[in-house]
Structures are given as C-alpha cells and as structure tokens.
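The values are calculated or read from the model by the stated rules, or taken from the named source; none is laboratory data. These numbers come from a predicted model, not from an experiment. Reconstructed Cβ throughout: ideal geometry from the backbone, glycine too, with neighbour counts over all protein chains shown.
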C-alpha cells in the first residue's frame, strides 16, 4: 500500500536581515512540520535543555527585532589592500556587523582602499586621495 506524503511549501521571501529568517520559518510552523515528520514528540527532552532552548530563542528574537529599532549608526572605515575583492574581508565585516548588533547600533561600513591614502595617489588622482582621507576621518572608528 502506498502512503501519501503531506508536502509543505516554505516561503523565505526577502527580509531586512538574515537574522529574521528563523522568525519567518517559525511563523510558517516549520518546527511543528519537521517535528511531525521526524516523530520528535516520542523523544524525551530534559527540562534543562528545553529551558535553555527557550532562552536562546528569546535572545535570538530580541536580537532580530532589536535591529528594527536601532536608529543610532556607527561608521567604521575598513582600510585594506584588496578592496576590489570584498570577499577577502567577509569575516571581518561580519564580526563588525555582530558587534554593532550587540551594541544596538546600525553599522555603516565604509570601504577605503589603502593605496588611496598614499602620497603618490595625491599626485596621480587627488579625488580618490581626498575622498579616502575624508572617509577615514569622518568614521567613528577604523580597521
């Protein structure tokens, strides 16, 4: 005998930040669906782990919703040699994003090519030189 499977479509539309994706999935009751498919109700879960998971979810929700209400911005100038390849700095950029979230700030990350800060650029391309120095001086911090 063939058993029909119930299928559910999960829609993950654009959200303001990737931290909202778990909230979106919760609204679609993905945990209940997966729990049913995997028969998780038959598994014993110690109260301590359930409480820890509940606290973690509250922290996550607070962090994600907190981003919607952050109006203060911190500007950080990221100075580097490989600005044409921003993927080279992804881990640093993500660390700064997480630090800003923890401090309840919106991050404005300004990319500054280190070669634009050199005297040679001042002679060859004054516009890039002065813009780079302006971005660096105007930032709240730099890396």
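Structure data summary
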| quantity | calculated |
| --- | --- |
| The stretch 56-80 residues that are loosely packed, with under 13 Cβ neighbours inside 10 Å, paired with ones that are at pLDDT 80 or above (beta carbon under 6 Å, 6 or more apart) | 72/105; 73/106; 73/108 |
| Failed criterion for residue 78 (all others in (1) modelled with pLDDT of 90 or more; (2) closer than 26 Å to residue 25 by Cα hold) | (2) |
| Hits in the stretch 99-124 (condition: exposed (fewer than 13 other Cβ atoms within 10 Å of the Cβ) and either in contact with a helix residue (DSSP H, G or I) (Cβ under 8 Å, 6 or more places away or on another chain) or within 30 Å of residue 66 (Cβ to Cβ) (or both)) | 102, 103 |
| Pick from the stretch 83-107, criterion at pLDDT 85 or above and more than 29 Å from residue 25 (Cβ to Cβ), ranking: farthest from the chain's Cα centre (by Cα) | 88 |
| Tabulated pairs, the stretch 107-125, first without any contact (Cβ under 8 Å) to a residue 24 or more places away in the chain, second assigned to a helix (DSSP H, G or I), C-beta under 6 angstrom, 6+ apart or interchain | 116/128; 116/129; 116/132; 121/128; 121/129; 122/129 |
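Matching residues to (1) surrounded by 10 or more Cβ atoms within 10 Å (Cβ to Cβ); (2) within 30 Å of the chain's Cα centre (by Cα); (3) at negative phi:
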{"residue": "23", "(1), (2), (3)": "yes, yes, yes"}
{"residue": "31", "(1), (2), (3)": "yes, yes, yes"}
{"residue": "36", "(1), (2), (3)": "yes, no, yes"}
{"residue": "39", "(1), (2), (3)": "no, no, no"}
